[in-house]
Amino acid sequence: MELLKLHHDFITNHQKNGTPFILFQGGRRSGKTVSILQFLYMQSLIHPATRTLIVTDTYARLKESIFQDLIMINRSAGGDSRRMRIHFSGGTRVLFETGSDFAFVYAGRDVRGYASNFHYIFFNECIQYDARVVREALKAAGPGCQVFFDYNPYTRFWVNDLYETADNKLITTYHDNPFLSDFVRRELDRTAAAGKDAAPGTMERYLYEVECRGVDSTLSGLCFPRHKAVPDEEYHTSPLMEVLACDWGALHATADPDVICGFRFTDDAIYCHEYYYSREGGDAEMAACLASIPFRRQYLVYDTATEGAGRVRSLFARTGLRFHFSPARKGAGSILTGIRNLQPYELRITASSRHFLEEMENYRFIQKNDTLQPVDDWNHCSDALRYAFDLWSMLPAQRKNVK
């Protein structure tokens, strides 16, 4: 099993010293998560009946990242399904032939039902949830429990204030990971070259600092740093399927605008267009806007706030267009999860979408008490984007491919 020596030595030294909290901060592809999982995997085999709790923000990250890394680690170490088995019934867990086990919990879920006396707790991508999740999970720690945090920095946040000491944090970059593919290394080299000498506060500088150097950015945590303006014709002439999304605001004279945006999705980019953005309009104006959009039986996903279903009925009655109307899925943690899911994509926003572009330059993470949260402002187009992406990601492949 190939070990990233820098990470392995850091963990080993702190294990000997009994350091309770170990922080791994770093840029993209620096090997943080895999190194921690390798250590936990080896401890589970060397020491029978070792108990580990892994906290992550969503089931999707657990399935697509943690489980895949564990399978890779087990194979590279010459193991098979007898050495390590993943179970989904009776609570998701990993069982080892030595009697050791991994238990899992998602951020925001009540962890009081978990037995205590864990030897290790790993908070994966901890910047995605707040300190209350950590406090609850730590109640399950046993005597001498070691706790790992890993995260990509956006700005200083609660983990630095509560758990960082003078020497318990390791900052790494992709340069420290000798196992990267040439393709990924070239991609990050290009990002570094574009941002190294860029002016502070620009997108290029942000990506260089956070993704390549693994340090806090001078941009202080923009939620969607990867966005740019593109000519309107790139959106309107595209054959890709379009999803429309509404975010309500102006009804009942709230201070927020009504927003209608359109989105087209590729594997690595999202094309965005602002059709309607007004604090003074109403259903009649929005209906006229929808009626002017070339109609291809699009999906239209809408916010359920401010009488969402009633407003949809009003728009339908005024236009007669038979959109596939769908309410947005919302719930605890959905904003942070949505932002995280969207960050790998480049947002290509039409040049005429001035409100959308303005929001992207101002929608950022802020420190609120002991929680890192997106600011509750400049978020109306991004809310529509989250609703549209969530709907699009659930559509069957044959519907996504309709041009």
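List of remarks:
- Residue within segment 4-23 that is farther than 21 Å from Ala137 by Cα, part of a strand (DSSP E or B) and in contact with a Pro (Cβ under 9 Å, 6 or more places away or on another chain) present: no
- Restricted to strands (runs of 3 or more DSSP E) entirely inside segment 307-403, those with at least 3 residues that are modelled with pLDDT under 85 and farther than 22 Å from Glu285 by Cβ are 365-368, 371-374.
- Odd one out for Thr56 among (1) crowded, with 21+ Cβ neighbours inside 10 Å; (2) farther than 28 Å from Gly331 by Cβ: (2)
- Residues being closer than 21 Å to Met203 by Cα and buried (at least 20 other Cβ atoms within 10 Å of the Cβ) - total across segment 151-171: 4
- For segment 207-224, filtering for residues that are among the aliphatic types (A, V, I, L, M), within 11 Å of Thr173 (Cβ to Cβ) and without any contact (Cβ under 8 Å) to a residue 60 or more places away in the chain leaves 0.
- Exclusive hit being open to solvent by 10 Å² or more (accessible area, probe 1.4 Å) and of a type in the set (Gly, Ala, Ser), set Gly262, Gly281: Gly281
- Residue that is most open to solvent (accessible area, probe 1.4 Å), among those in segment 176-206 that are of a type in the set (Phe, Trp, Tyr) and at pLDDT 90 or above: Phe183
- Cβ-Cβ contacts under 6 Å between residues 6 or more apart (or on different chains), taken from a first residue in segment 192-206 that is farther than 12 Å from Ser217 by Cα and part of a loop (DSSP other than H, G, I, E, B) to a second residue that is charged (D, E, K, R) and open to solvent by 80 Å² or more (accessible area, probe 1.4 Å), are listed as Ala198/Glu204.
- Residue check for Glu209: assigned to a helix (DSSP H, G or I) and closer than 21 Å to Arg348 by Cβ: no
- If you go through segment 59-94 and keep only what is among the aliphatic types (A, V, I, L, M), open to solvent by 30 Å² or more (accessible area, probe 1.4 Å) and within 26 Å of Arg135 (Cβ to Cβ), you end up with just Ala60.
- Residue within segment 66-73 that is touching a residue at least 40 places away in the same chain (Cβ under 8 Å) and aliphatic (A, V, I, L, M) present: yes
- The set of residues in segment 284-298 that are modelled with pLDDT under 90 and open to solvent by 30 Å² or more (accessible area, probe 1.4 Å) comprises Pro294, Phe295, Arg296, Arg297.
- Condition met for Ser238 (more than 30 Å from Thr304 (Cβ to Cβ), open to solvent by less than 30 Å² (accessible area, probe 1.4 Å) and part of a loop (DSSP other than H, G, I, E, B)): no
- Wholly enclosed strands (runs of 3 or more DSSP E) of segment 46-162 bearing at least 2 residues within 20 Å of the chain's Cα centre (by Cα): 51-56, 101-106, 118-123, 141-151
- The residues of segment 280-324 that are out of contact with any helix residue (DSSP H, G or I) (no Cβ under 9 Å at 6 or more places or on another chain) and basic (Lys, Arg), listed by number, are Arg296, Arg297, Arg313.
- Checking each residue in segment 313-334 for being touching a strand residue (DSSP E or B) at 6+ places or on another chain (Cβ under 6 Å) and touching a residue at least 40 places away in the same chain (Cβ under 8 Å) picks out Phe323, Ser326, Ala328.
- For segment 150-182, residues that are of a type in the set (Gly, Ala, Ser) and within 21 Å of Phe122 (Cα to Cα) total 1.
- Single residue of Ala269, Ala309 found to be hydrophobic (A, V, I, L, M, F, W, C) and either open to solvent by 40 Å² or more (accessible area, probe 1.4 Å) or more than 27 Å from the chain's Cα centre (by Cα) (or both): Ala309
- Residue that is surrounded by the fewest Cβ atoms within 10 Å (Cβ to Cβ) [pool: residues in segment 14-31 that are of a type in the set (Gly, Ala, Ser) and more than 12 Å from Cys145 (Cβ to Cβ)]: Gly31
The values are calculated or read from the model by the stated rules, or taken from the named source; none is laboratory data. Bear in mind that the values here come from a model prediction, so they are computed numbers and not experimental data. With ideal geometry, Cβ positions are generated from the backbone for all residues, glycine too; neighbour counts draw on all protein chains shown. Ligands, DNA and RNA are excluded from the accessible area calculation, which covers all protein heavy atoms including side chains. Shrake-Rupley method; radii C 1.70, N 1.55, O 1.52, S 1.80 Å.
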